[in-house]
Amino acid sequence: MIKHSELILNNDGSIFHLHLKPENIGKQIILVGDPARVDTITGFFDTIEFSVQNREFKTVTGFYKQKKISVISTGIGTDNIDIVLNELDALVNIDLETRSIKKQLSSLDIVRIGTSGGLQTDLPVNSFVVSEKSIGFDGLLNYYANREHISDMEFEAAFRQHTQWSDSLAAPYTVDAGQNLLDKFSDERFKKGVTISAPGFYAPQGRELRLPLAFPQLNELIETFSYKQLRITNFEMESSAIYGLSKLMGHNALTVCLIIANRVTLTANENYRDEMKKLIKAVLDNLSN
Ligand code: R1P
C-alpha cells in the first residue's frame with residue numbers, strides 16, 4: 001500500500017494537484033504549457049464532457065472525431081511535468097482506493113503542443129518541429145533509477161564532449177520520442193528535430209539581459225553539434241521530462257512545437273496564435289487517423 005504522504009488524494013478522491021479522478025481522462029492526452037491554449041484546442045472538439053482547474057493545471061476532456069482526448073496545461077517547466085506525469089500515471093496504473101499498483105498496467109499516448117525557439121537557420125519562424133529526441137538540461141530524470149536504460153548514452157557522451165559540458169551544470173539526459181506517435185507525423189509539414197529542454201528561459205537558453213552568461217559560447221556549440229546526422233533544432237522547457245518519465249513508466253510521448261522565434265536569425269512572431277491554431281488542427285487530425 002502506498003502511504004498517504006506519498007500519494008496524496010483530495011477529500012473527493014481526486015489526485016492532489018490535477019484534481020482528477022481516473023474516469024475524468026481519456027487514453028490520449030495533449031499537454032500544453034499555457035492554460036489559455038487548452039480552450040483553443042478543445043474549441044475544435046465535437047463535445048466536451050469534463051473540465052477542472054487547480055493552479056496552472058487546467059484539464060478539459062472531450063471528443064474529437066470519436067476519440068476521447070484530455071487536454072491538460074502544465075504551466076512552465078520540467079518541475080511541473082514531474083507532477084503531471086506522476087499523477088496521470090497514478091490515475092491509470094494505481095488503484096486509488098486500495099493504494100496499490102495495478103497488475104495490468106495501461107499506456108497513455110501523451111502529445112505536447114508547445115511553442116519553441118529555433119536554433120538552425122533553415123527552421124524559420126512558423127515552422128512545425130516534431131522532436132524525435134529530447135535533451136534535458138534540467139536534471140529531473142537523474143533523480144529516477146534506471147534512467148540509463150532509456151537514454152541515448154552515446155549521444156550524451158558526444159554532446160558533452162562537443163559542448164565541453166561543465167560539471168557545475170546538471171548532467172544532460174537524452175530520450176527518444178514514442179515511435180508509434182512519431183510515425184503519425186511523417187508528412188512534410190513537420191520537420192523532425194532534436195529538442196533541448198532548458199531549466200529556465202533566459203541564461204539557460206543563452207539569453208542575456210542584465211546578467212552576464214556563465215557559458216557565453218554554449219548556444220554556438222549546441223548549434224554546431226551533430227551526431228549520426230542528427231542536429232539540435234530547438235529550445236523549449238518540458239519535453240525532456242515528458243519523454244523521460246513516459247519511457248520509464250511505459251507511456252508513449254511526442255512533442256510538436258511551433259517555432260515562434262529563431263535564435264540564430266534573431267527573428268520572432270509575437271502574434272503566433274493563428275499559426276498555433278493551424279498546428280493544433282494538424283496534430284488533432286494526425287492523432288485521429
Ligand atoms: C516559455 O515561454 C514557455 O513556452 C514554451 C516553453 O516550453 C515554456 O513553457 O512552451 P509553451 O508555449 O507550451 O508554454
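The values are calculated or read from the model by the stated rules, or taken from the named source; none is laboratory data. The shown structure was predicted, so the numbers you read here are calculated from the model rather than taken from an experiment. No Cβ is skipped: glycine too gets one built from the backbone with ideal geometry, and neighbour counts run over all protein chains shown. Remember, those area values only see protein heavy atoms, side chains included, never the ligands or the DNA or RNA. Shrake-Rupley method; radii C 1.70, N 1.55, O 1.52, S 1.80 Å.
General observations
- 22 Å tail of the calculated P(r), segment 1-86, as % of Cα pairs: 25
- Hydrodynamic radius of segment 22-288 per Kirkwood, over alpha carbon pairs, in Å: 18.8
- In this structure, the amide hydrogen of GLY114, modeled 1.01 Å from its nitrogen in the peptide plane, lies closer than 5 angstrom to those of VAL256, CYS257, LEU258, counting only residues at least 5 positions away or on a different chain.
- Applying both filters, DSSP loop and at most 15 other Cβ atoms within 10 Å, to the GluC sites (Glu not before Pro) of segment 202-265 gives GLU208.
- Calculated P(r) of segment 1-158 - Cα pairs past 30 Å, %: 22
- Label point distance in nm, LYS277-GLU23, each placed 7 Å from Cα along Cα→Cβ: 3.6
- For a straight C-alpha distance cut-off of 15 angstrom, the aspartates and glutamates reachable from LYS228 (same-chain residues fewer than eight places away being disregarded) are GLU132, ASP152, GLU154, GLU156, ASP176.
- Listed values for segment 202-219 are Karplus-derived 3J(HN,Hα) couplings in whole Hz (6.51 cos²θ - 1.76 cosθ + 1.60, θ = phi - 60°), namely 9, 3, x, 10, x, 8, 10, 9, 9, 9, x, 7, 6, 10, x, 8, 4, 4, and x replaces Gly and Pro.
- Packing-based ranking, highest mean first, of 212-219, 127-134 given that Cβ atoms within 10 Å are counted: 127-134, 212-219
- The phi-based Karplus calculation (6.51 cos²θ - 1.76 cosθ + 1.60; θ = phi - 60°) puts the 3J(HN,Hα) values of segment 104-114 at 9, 8, 10, 10, 9, 9, 10, 10, 8, 10, x Hz, whole numbers, x for Gly and Pro.
- Efficiency of FRET between GLU220 and ASN180 - r from beta-carbon atoms, R0 45 angstrom, step 0.05: 0.80
- Of the solvent-accessible surface of the chain, computed with a 1.4 Å probe over protein heavy atoms with every protein chain present, carbon and sulfur atoms account for 50 percent.
- Length available on full extension from ASP39 to ALA157: 0.36 nm per residue minus the Cα-Cα distance, which gives 38.4 nm.
- For segment 180-188, backbone phi angles converted through the Karplus equation (6.51, -1.76, 1.60; θ = phi - 60°) give residue-by-residue couplings of 4, 7, 4, 4, 7, 10, 8, 6, 6 Hz, Gly and Pro being listed as x.
- For the chain, the longest principal axis of the C-alpha atoms and the axis of helix 273-288 are separated by about 60°.
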